[in-house]
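Asker: Let me begin by handing over the structure; questions about it come next.
The values are calculated or read from the model by the stated rules, or taken from the named source; none is laboratory data. All values derive from a computational prediction rather than experimental measurement. Cβ: placed from backbone, ideal geometry, glycine included. Neighbour counts: every protein chain shown. Please note that ligands, DNA and RNA were not included when accessible areas were found on the heavy atoms of the full protein model with its side chains. Shrake-Rupley method; radii C 1.70, N 1.55, O 1.52, S 1.80 Å.
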Amino acid sequence: MATPSVQEIRPASLDSTSESPALFDGTTRLYISYVCPFAQRPWIARNFKGLQDKIELVPIDLQNRPVWYKEKVYPQNKVPSLEHNNKVIGESLDLVKYIDSNFEGPFLLPDDPEKQKFAEELIAYSDTFLKEIYANFKGDIEKHSGPQFDYLEKALDKFDDGPFFLGQFSQVDIVYAPFVERFQIFLKEGLNYDITSGRPKLAKWTEELNKLDSYIQTKADPKEVVDLYKKKYLA
């Protein structure tokens, strides 16, 4: 089970006028953006493992980034990144695994080899899932994106010992949740398409996700999601 909930006040995003934290002072920092679904992945992992006091959250304003972030923290100038043990690592999938392996708290992968193998398969597929959906917002949603949501529906049917991909909440749910969250909001509001219609497992999955404080606290502002996606993909 997840560690008991810690209600966290979101720190203000740092922009080009903000001074940098005292970098490499022994503090572990997770650099994110509140609007970035990739950054939401390790943020959920941190919360689920109860690491709010061990990993400091440092939100970056992606529209007005501080110069010191690229120069002193992460030359790729993207989020997420993690400052830990005097080094900085990035890439959301790597960070979810890194946080799970290198910090205390409930493990986000079960011991069952079959479930581990299925987890690897689903996580490896996530890039394809995203590319297929992002590429087809202007086309026939059911024809082009429907099969991707059907893929999730089928995957959620594999194990029956819980509502999540591996039964219990895991790295796999963390990998997909930020994006399904945004797709569900945008496709419903922007294109009148309900991703859970005819997909009861997916509907149950989103319902159960929204009972987890560790996830709820990371969710994006729905209006911002719709506005951003309309501007970016439907303009």
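Asker: Straight-line reach only, C-alpha to C-alpha below 26 angstrom: list the lysines that Lys204 could link to, leaving out same-chain residues fewer than 8 apart.
Answerer: Those lysines meeting the cut-off are Lys49, Lys97, Lys115, Lys117, Lys131, Lys143, Lys154, Lys158, Lys188, Lys219, Lys223.
Asker: Using Cα pairs closer than 8 Å and at least 6 residues apart in sequence, work out the relative contact order for region 47-163, in percent.
Answerer: Numbers: 53 pairs, mean separation 19.2, N = 117.
In percent, rounded to a whole number, it is 16.
Asker: Output the peptides 90-97, 135-142, 28-35 sorted from most to least packed, where packing is the average of other Cβ atoms within 10 Å over each peptide's residues.
Answerer: Values: 90-97: 19.2, 135-142: 13.2, 28-35: 21.0.
Ranked by mean Cβ neighbours within 10 Å, highest first: 28-35, 90-97, 135-142.
Asker: Okay, moving on. For region 1-109, with only Lys/Arg (+1) and Asp/Glu (-1) charged at the beta-carbon, what is the dipole magnitude about the Cα centre, in debye rounded to 20? Write out the running numbers ahead of the final one.
Answerer: Numbers: 12 positive and 13 negative charges, 46 e Å.
About 220 debye.
Asker: Now for a separate question. According to the square roots a ≥ b ≥ c of the eigenvalues of the Cα gyration tensor, what is the shape class of region 1-112, taking rounded for a/c under 1.5, prolate for a/b larger than b/c otherwise, and oblate for the remainder?
Answerer: Values: a/c = 1.84, a/b = 1.66, b/c = 1.11.
Note, shape of region 1-112 comes out prolate.
Asker: Could you tell me which of Leu191, Pro11, Cys36 has its Cα farthest along the dipole of the chain towards the positive end, charges placed at Cβ (Lys, Arg +1; Asp, Glu -1), taken about the Cα centre?
Answerer: Leu191
Asker: Next up: If packing is taken as the average number of other Cβ atoms within 10 Å across a peptide's residues, how do 175-187, 218-230 rank, most packed first?
Answerer: Working: 175-187: 21.9, 218-230: 16.4.
With the highest mean Cβ count within 10 Å placed first, the list reads 175-187, 218-230.
Asker: Only four residue types carry charge here, +1 at the Cβ of Lys and Arg and -1 at the Cβ of Asp and Glu. Report the dipole size of the chain about the Cα centre in Debye, rounded to the nearest 20.
Answerer: On the way: 30 positive and 37 negative charges, 125 e Å.
For the chain, the charge dipole is close to 600 debye.
Asker: Would you compute, from DSSP H runs of 4+ residues alone, the mean residue ellipticity of the chain at 222 nm, taking -39500 (n - 2.57) per run and dividing by the full residue count, rounded to the nearest 500? Write out the running numbers ahead of the final one.
Answerer: Values: 9 runs with 102 residues, N = 235.
Mean residue ellipticity at 222 nm (helix-derived): -13500 deg cm²/dmol.
Asker: Out of all Cα-Cα pairs in the chain, roughly what percent, to the nearest whole number, are more than 22 Å apart?
Answerer: On the way: 14779 of 27495 pairs.
The answer is 54 percent, as a whole percent.
Asker: Turning to a different aspect of this structure: Determine the dipole magnitude for region 34-173: charges of +1 sit on the beta-carbon of Lys and Arg, -1 on that of Asp and Glu, nothing else is charged, the reference point is the Cα centre, and the result goes in debye to the nearest 20.
Answerer: Numbers: 17 positive and 24 negative charges, 145 e Å.
Here the size comes out at about 700 debye.
Asker: Whole angstrom only: what separates the Cα centroid of region 165-235 from the Cα centroid of region 96-112?
Answerer: 23
Asker: Carbon-plus-sulfur fraction of the accessible area of region 31-186, 1.4 Å probe, in percent? Write down the numbers at each step before the final one.
Answerer: On the way: 3210 of 6760 Å².
For region 31-186, the apolar C and S fraction of the accessible surface comes to 48 percent.
Asker: Sort 38-44, 18-24, 147-153 for me by packing, meaning the mean count of neighbouring Cβ atoms within 10 Å per residue, highest on top.
Answerer: Values: 38-44: 26.3, 18-24: 13.1, 147-153: 17.3.
Most protected by this proxy first, the peptides run 38-44, 147-153, 18-24.
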